[in-house]
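The structure under discussion appears below in the form of structure tokens.
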Amino acid sequence: MALRLIIGNKNYSSWSLRPWLALTALGIPFEEILVPLDAPDFKERVREHSPAGRVPVLIDGEAVVWESIAILEHLAERFPDKGVWPSDPAARGHARSLATEMHGGFGALRGAAPMNLWRPIEPRALPEEALADVRRITRRWNEARARFGAGGDFLYGAFCGADAMYAPVATRLRTYGVALDPVADAYVDAIHAHPAFVAWKEAALKETGALPEDEVDWPTVKRV
């Protein structure tokens, strides 16, 4: 039975992007089911698949998995040959730690700079708490690239689950014109150039429903 992934709007839903990107980039077939975040019956429709009432949700036969990090771990168990995590034990432990840190933190940056793929690249002043998150994130990226990234352009060389977790951050840093060090800037470029991300963004730019809470220039909606 094919995997099914329930997601929200591609322009805004950073948590949906993470497992979608992992599945697509790693070549794991699945069916996509998109439920608009502003649908009046959003929670009811999602609860048909998951008691959490939030996206993303992965349906794998009788298994129902929600929360992006849990979905990645489920995929790693189901498809051990797909490289969800690095094969080297030290890199794998580091990648899992970095991914979990993303899952549980950086709320100041996420709150001040929501993912919005159709907003033009335009610098925006961020509060100090959000900039502290940026410094912490880019420090982690530099550590991963220096220790484990020699084999490719991503945090651990080849694309893996940690990159899927940080991809929405890469979009935020670009959208809001955040100044970055050379290593972090190159990594943001690599995420944006990945064919799986390009496909997601192309679909996002075709969407029409604007969410005020994710439009920092509201009531103006800026679109590329």
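The values are calculated or read from the model by the stated rules, or taken from the named source; none is laboratory data. All figures in this text were calculated on a predicted structure; none of them were measured in a lab. Cβ coordinates were reconstructed from backbone atoms using ideal geometry, including for glycine residues, and neighbour counts include every protein chain displayed. What goes into the accessible areas is simple: the full protein's heavy atoms, side chains included, and nothing from ligands, DNA or RNA. Shrake-Rupley method; radii C 1.70, N 1.55, O 1.52, S 1.80 Å.
Which FRET efficiency value, to the nearest 0.05, do you get for residue 31 and residue 158 by plugging their Cβ-Cβ distance into 1/(1 + (r/R0)^6) with R0 = 22 Å?
Values: r = 25 Å, r/R0 = 1.16.
The calculated FRET efficiency here is 0.30.
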Farthest positive-ward along the chain dipole, Cα basis, beta-carbon charges - from 72, 127, 15
127
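When a/c is below 1.5 the answer is rounded, else prolate if a/b is larger than b/c, else oblate, so apply that to the chain with a ≥ b ≥ c taken from the square roots of the Cα gyration tensor eigenvalues. Mind dumping the intermediate values first?
Values: a/c = 1.70, a/b = 1.01, b/c = 1.69.
The shape class here is oblate.
Could you please state how large a percent of the accessible area of segment 92-160 is carbon and sulfur, counting protein chains only and using a 1.4 Å probe?
Values: 1580 of 3100 Å².
Ligands and nucleic acids excluded, carbon and sulfur reach 51 percent.
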Structure-based [θ]222 nm, the chain - -39500 (n - 2.57) summed over DSSP H runs of at least 4, per residue, nearest 500:
-15000 deg cm²/dmol
Could you name the aspartates and glutamates whose alpha carbon sits less than 12 Å from that of residue 222, not counting residues in the same chain fewer than 8 places away?
122, 214
Length-normalised contact order of the chain in % [C-alpha pairs under 8 Å, at least 6 apart]:
24 percent
Positive-pole candidate from 107, 83, 94, dipole of segment 51-113, charges at beta carbon
107
Among the aspartates and glutamates, select those whose C-alpha is under 18 Å from the C-alpha of residue 43, and discard any that sit fewer than 8 residues away in the same chain.
32, 67, 213
Counting only other residues whose beta carbon sits under 10 Å from that of residue 10, what net charge do I get with K and R as +1, D and E as -1?
-1
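What dipole magnitude, in Debye to the nearest 20, does segment 1-135 give about its Cα centre under +1 on Lys/Arg Cβ and -1 on Asp/Glu Cβ? Present the calculation step by step, with values, prior to reporting the outcome.
Values: 15 positive and 18 negative charges, 42 e Å.
Using Cβ point charges on Lys, Arg, Asp and Glu, segment 1-135 gives about 200 debye.
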Along the Cα-to-C-beta direction of residue 220, a point sits 7 Å from the Cα; which residues of segment 112-138 have their amide N less than 20 Å from that point?
112-127
So what's the gap between the Cα centers of segment 179-207 and segment 68-123, to the nearest angstrom?
14 Å
Please give me the summed charge of the neighbours of residue 22: other residues whose Cβ is under 10 Å from its Cβ, Lys and Arg +1, Asp and Glu -1.
+1
With every protein chain left in place, what is the accessible area per residue of segment 84-148 in square angstrom, probe 1.4 Å?
46 Å²
Once the other residues with Cβ under 12 Å from the Cβ of residue 152 are scored (Lys, Arg +1; Asp, Glu -1), what is the net sum?
-1
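With an 8 Å cut-off on Cα pairs and a minimum separation of 6 or more residues, tell me the relative contact order of segment 43-124 in percent. All intermediate terms of the calculation are to be shown ahead of the outcome.
Details: 50 pairs, mean separation 11.4, N = 82.
For segment 43-124, the relative contact order is 14 percent.
Please state the shape class of segment 15-94: rounded when a/c is under 1.5, otherwise prolate if a/b exceeds b/c and oblate if not, all from the C-alpha gyration tensor. Could the numbers behind the result be given before it?
Details: a/c = 2.28, a/b = 2.26, b/c = 1.01.
Verdict is prolate for segment 15-94.
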